[in-house]
Amino acid sequence: MHSQLSLPSDRSMTALRLEQPGLGLALRRVAIPQPAAHELLLRVSVCGVCRTDLHLVDGELPLHRLPLIPGHEVVGHVVQAGRETSGFAVGERVGVAWLGGSCGHCAYCGDAHENLCDNASFTGYDRDGGYAEYMVADARYVFRLPERYDDEQAAPLLCAGLIGYRAYAMAGPGKRLGLYGFGAAAHIIAQLARHQGREVYAFTRPGDVRSQNFARELGAVWAGGSDEMAPDDLDAAIIFAANGALLPKALGDVAKGGSVVCAGIHMSDIPAFPYALLWGERSVRSVANLTRADGEAFFRIAAELPLRTRTTAFALRDAQKALDALRAGDFDGAAVLRCRD
Ligand SMILES: [Zn+2]
Ligand SMILES: [Zn+2]
């Protein structure tokens, strides 16, 4: 174990970096970062590929720094623990998610809303992430992952699962749940919803029969194009796709009192729609980021349920190919990078 975790003598690593939006990721040799007092140095095993990474690389989100190593669904093993960390053993497996740090003293942090902290730092956005062989993470923000998932199965749980779970919790307890956009997050949340006795209605891009079949395989009672009406009134809807036109569509599908939750960090403009769609105490809200409490709650559930994540693996050096495949909708479930090959 120790020999596996020793660092290369030149302390350099392979990383995929965003250096200029629109130009894709660059394969580089860079210095392995040094962990600060509160940080862990991790050997990255697997890093999930999230649509947010694609928004960053494509320049659809404002960048906070460049160059940047993306990746916020990181499963890694502790190589070195900073002197103010406690309870982490060398070799131990941990997960790193999107929330990389928060200020701890603002009104949001004080009110269990660290996800809204104005000075939060996000993994693979404000801090370098897991598209690399090594990374550092604040030990206070990492998660211990349920044993039942291997590294590749666990990676998508760290954002698709976790932020999907926050959106799911916000959507309320109704029986009929619509999922708009059937990618990495929806394929996990559909399984959770089924286990909790709900009916899942899956909306995909019109004509995307493969994704519709995948949704049915995972227990959706109905799957169809986002241009089709739901066969029954829905109690709640979660929009995972980045298409703003889905919002009035989903409002039209939910019953009075129902809710529509927008789960993505980026969405195209929402077209104007008649007030009648919102009338009847329907509500619309977004879900931003995650709290550590969300992670603890979600991983407790994931430890009990046999969630099966469908993954398509790419080598670290092929991260750009993984992003291109995600953009094109070439696979079901989640893409992951194997960072140890
Ligand atoms: Zn994400
Ligand atoms: Zn704060």
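The values are calculated or read from the model by the stated rules, or taken from the named source; none is laboratory data. Note that the coordinates shown come from a computational prediction; the quantities given were computed from them, not determined experimentally. Because the Cβ atoms are built from the backbone with ideal geometry, glycine has one as well, and the counts that use them run over all protein chains shown. Note: accessible area is taken over every heavy atom of the protein model, side chains too, but ligands, DNA and RNA are not part of it. Shrake-Rupley method; radii C 1.70, N 1.55, O 1.52, S 1.80 Å.
Could you grab me the full set of residues in the stretch 23-72 that are assigned to a helix (DSSP H, G or I) and either acidic (Asp, Glu) or within 16 Å of ligand 2 (Cβ to nearest atom) (or both)?
Step one: list which residues in the stretch 23-72 are assigned to a helix (DSSP H, G or I), which gives 51-57.
Once the filter is applied, which keeps residues that are assigned to a helix (DSSP H, G or I) and either acidic (Asp, Glu) or within 16 Å of ligand 2 (Cβ to nearest atom) (or both), the stretch 23-72 yields only ASP53.
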Which number in (1) within 20 Å of ALA26 (Cβ to Cβ); (2) away from ligand 1 (no atom under 16 Å from the Cβ); (3) open to solvent by 10 Å² or more (accessible area, probe 1.4 Å); (4) aliphatic (A, V, I, L, M) marks the one condition that LEU61 misses? (2)
Listed residues LEU251, LEU307, LEU290; which is among the hydrophobic types (A, V, I, L, M, F, W, C) and more than 30 Å from ARG148 (Cα to Cα)? LEU251
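Please pick out the residue among ASP253, ASP318 that is of a type in the set (Asp, Glu), surrounded by 15 or more Cβ atoms within 10 Å (Cβ to Cβ) and under 23 Å from PRO206 (Cβ atoms).
On the way: ASP318 fails: under 23 Å from PRO206 (Cβ atoms).
Checking each option against the conditions leaves just ASP253.
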Name the residues in the stretch 85-140 that are within 29 Å of ARG11 (Cβ to Cβ), open to solvent by 20 Å² or more (accessible area, probe 1.4 Å) and assigned to a loop (DSSP other than H, G, I, E, B), would you? THR85, SER86, GLY87, PHE88, ALA89, VAL90, GLU92, ASP126, ASP128, GLU133
Anything in the stretch 192-226 that is touching a strand residue (DSSP E or B) at 6+ places or on another chain (Cβ under 9 Å) and in contact (Cβ under 8 Å) with a residue 60 or more places away in the chain? List them, or say none. ARG205, ASP208, ARG210, SER211, PHE214
Checked the stretch 18-57 for anything surrounded by fewer than 22 Cβ atoms within 10 Å (Cβ to Cβ), without any contact (Cβ under 8 Å) to a residue 60 or more places away in the chain and over 26 Å from LEU145 (Cβ atoms); matches are GLU19, GLN20, PRO21, GLY22, LEU23, ALA26, ARG28, ARG29, ALA31
